[in-house]
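The values are calculated or read from the model by the stated rules, or taken from the named source; none is laboratory data. Just so you know, these numbers come straight off a predicted model, no measurement behind them. Heads up, the Cβs are rebuilt from the backbone with ideal geometry, glycines too, and the neighbour counts pull from every protein chain shown. When the accessible area is computed, the model is the full protein with side chains, heavy atoms only, and any ligands, DNA or RNA have been set aside. Shrake-Rupley method; radii C 1.70, N 1.55, O 1.52, S 1.80 Å.
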Amino acid sequence: MAGGGFASVAGDVNFEAKITYTVIISCIMAATGGLMFGYDIGISGGVTSMPSFLQHFFPDVYKKIQEHGVDSNYCKYDNQTLQLFTSSLYLAALVATIFASSVTRKLGRKHTMLIAGVFFIVGTILNSVVNSLSLLILGRLLLGCGVGFANQAVPVFLSEIAPTRIRGALNILFQLNITIGILIANIVNYFTAQIKGGYGWRISLALAGVPALMLTLGSLLVHDTPNSLIERGLEDEGKIVLKKIRGVENVEPEFQEILKASKTAKMVKNPFKNLIKRHNRPPLIMAVMLQIFQQFTGINAIMFYAPVLFRTLGFKSDASLYSAVITGAVNVLSTLVSVYFVDKVGRRILLLEACVQMFVSQVVIGIVLGMKVQDHSESLNTGFAVLVVVMVCTFVSSFAWSWGPLGWLIPSETFPLEARSAGQSVTVFMNMLFTFIIAQGFLSMMCHFKFGIFFFFSAWVLV
């Protein structure tokens with residue numbers, strides 16, 4: 001998720017506004033884009049741990065995991081094409097977000113979300129029915145295009161709809177839906193892995209169509225934001241929508257502020273060139289570094305490949321998926337903590353506390369694995385296995401109330417309106433780029449670094 005956050009703000013001014021049903025419903029509908037994104041993150045790790053899926057598309061990997069003791073525990077899943085199945089989505093997303101920036105500006109937030117929904121639907125259909133690896137990857141690429149457009153439009157939509165006093169909490173609604181999507185994907189994978197006949201992975205991939213339809217229908221039902229309408233010259237319509245979403249008649253101060261900001265934004269001929277001007281450099285550097293550090297905490301490596309990771313560490317297939325469900329539930333609950341505290345204790349406190357918690361948990365995991373899981377050892381004993389799961393949950397929880405949502409929220413609050421769309425695009429691009437790098441490299445890194453992979457990520461947390 002990524003987004004604006006300036007809709008009802010002029011400096012630190014709170015405009016008159018009620019929390020209306022229109023705002024709540026619009027935000028819930030829009031945030032289903034996060035649900036779709038989260039489901040795609042969670043589902044890939046589950047299906048890539050299913051023997052039937054591997055046998056169908058990755059026979060070499062399937063053969064390797066069947067030959068106990070032949071290869072290193074840490075290298076069972078080391079396959080570049082298998083990693084491409086997961087990472088291709090993010091490669092497409094980082095390309096799509098470049099185009100999504102101008103589409104969001106010219107067509108509005110509503111229509112950009114609709115385009116994202118169509119990409120999601122087509123990609124889901126393709127993924128669930130294909131029999132060839134090339135078409136499977138094509139389906140993931142289309143899903144990636146949906147992610148690029150949704151991550152560009154949805155958070156901006158949420159920020160511009162939200163009243164100032166609950167802006168942080170509503171912005172995190174997108175992140176909350178991502179975590180819910182991951183949890184649902186883990187639960188679905190747990191049950192579809194039990195299906196006899198080897199087609200459970202198709203059901204897992206096909207069920208992505210549910211949030212895809214929700215996003216598409218939602219984007220047809222909601223109003224576009226006042227900011228977007230005014231930006232495109234529809235000032236009267238923008239004022240009507242502003243009155244509706246604020247629930248008050250006196251919207252003139254906020255309307256004039258949006259009008260003024262829109263005129264300033266239109267004076268910028270090249271928004272990307274404007275980004276590198278002196279006054280925009282601090283938020284630009286902050287946005288870029290937040291995305292790099294967010295990914296190098298190692299969170300997506302764990303969330304993408306949780307079932308594969310647990311299975312590598314000696315958990316049987318069912319147990320690994322069950323453990324992934326636990327981490328998914330922790331992820332959701334901890335994001336709710338962020339929703340409650342983000343506007344109370346501030347951004348910086350949450351970031352600092354989480355860094356300490358993430359560092360300690362990853363170091364403990366690395367030490368346990370270094371002592372107990374050698375290349376050809378069968379598994380951890382029960383006590384150490386439970387400790388690893390607890391530490392993974394500790395890590396996930398701290399990320400979910402800090403670097404997860406705040407890595408997006410902080411950039412959304414710092415770019416001025418005239419740089420918002422371009423800044424949003426750079427933020428999403430950098431996030432997708434480093435997500436792609438981690439997704440494409442994690443299984444190979446785990447093979448070469450072994451338990452040291454956790455020390456690698458903890459070192460980045462320390463930085």
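Does K76 satisfy the condition of being open to solvent by less than 50 Å² (accessible area, probe 1.4 Å) and over 23 Å from M430 (Cβ atoms)? Considered against the rule, which asks whether it is open to solvent by less than 50 Å² (accessible area, probe 1.4 Å) and over 23 Å from M430 (Cβ atoms), K76 comes out as yes. When segment 90-146 is filtered for residues that are more than 19 Å from the chain's Cα centre (by Cα), among the hydroxyl-bearing types (S, T, Y) and closer than 24 Å to I438 by Cα, only S134 remains.
With respect to the conditions (1) open to solvent by less than 10 Å² (accessible area, probe 1.4 Å); (2) farther than 23 Å from G45 by Cα; (3) modelled with pLDDT of 90 or more, S101 lacks only one, and its number is (3). Among the residues making up segment 26-44, those that are at pLDDT below 80 and part of a helix (DSSP H, G or I) are S26, C27, I28, M29, A30.
When the residues of segment 435-463 are filtered to those that are closer than 15 Å to Q295 by Cα and polar (S, T, N, Q), the one that is most open to solvent (accessible area, probe 1.4 Å) is Q440.
When the helices (runs of 4 or more DSSP H) confined to segment 298-381 are screened for residues that are open to solvent by 30 Å² or more (accessible area, probe 1.4 Å) and at pLDDT 80 or above, those reaching at least 1 such residues are found at 317-341, 347-372. State whether one or more residues within segment 56-67 are closer than 23 Å to I172 by Cβ and either part of a loop (DSSP other than H, G, I, E, B) or open to solvent by less than 10 Å² (accessible area, probe 1.4 Å) (or both). Among the residues of segment 56-67, not one is closer than 23 Å to I172 by Cβ and either part of a loop (DSSP other than H, G, I, E, B) or open to solvent by less than 10 Å² (accessible area, probe 1.4 Å) (or both), which makes the answer no. Residues of segment 99-131 that are in contact (Cβ under 8 Å) with a residue 60 or more places away in the chain and not in a helix (DSSP H, G or I): G108, N131. Pairs are defined by a Cβ separation below 9 Å, a sequence spacing of at least 6 or placement on different chains, a first member in segment 252-277 that is over 16 Å from G423 (Cβ atoms) and open to solvent by 40 Å² or more (accessible area, probe 1.4 Å), and a second member that is assigned to a helix (DSSP H, G or I) and modelled with pLDDT of 80 or more; the pairs so defined are E252/K239; K266/E231. Would you mind stating whether R202 is surrounded by fewer than 23 Cβ atoms within 10 Å (Cβ to Cβ), under 29 Å from V345 (Cβ atoms), out of contact with any Cys (no Cβ under 7 Å at 6 or more places or on another chain) and touching a residue at least 40 places away in the same chain (Cβ under 8 Å)? Judged against the criteria, R202 is not a match. Answer yes or no as to whether T427 is surrounded by fewer than 24 Cβ atoms within 10 Å (Cβ to Cβ), farther than 19 Å from N79 by Cα and of a type in the set (S, T, N, Q). The answer is no for T427. For segment 397-413, a residue qualifies if it is open to solvent by 10 Å² or more (accessible area, probe 1.4 Å) and modelled with pLDDT of 80 or more, and the qualifying residues are S397, F399, W401, W403, I410. Restricting L234, L213, L242 to those that are touching a residue at least 40 places away in the same chain (Cβ under 8 Å) and either in contact with a His (Cβ under 6 Å, 6 or more places away or on another chain) or of a type in the set (A, V, I, L, M, F, W, C) (or both) reduces the list to L213. Out of segment 99-135, which residues are touching a Phe, Trp or Tyr at 6+ places or on another chain (Cβ under 6 Å) and not β-branched (V, I, T)? Those that are touching a Phe, Trp or Tyr at 6+ places or on another chain (Cβ under 6 Å) and not β-branched (V, I, T): A100, R109, A116, L133. Quick one: G198 ticks every box in (1) modelled with pLDDT of 85 or more; (2) of a type outside the set (A, V, I, L, M, F, W, C); (3) not in a helix (DSSP H, G or I) except a single one, so which number is it? Going through the list (1) modelled with pLDDT of 85 or more; (2) of a type outside the set (A, V, I, L, M, F, W, C); (3) not in a helix (DSSP H, G or I), G198 breaks only (1).
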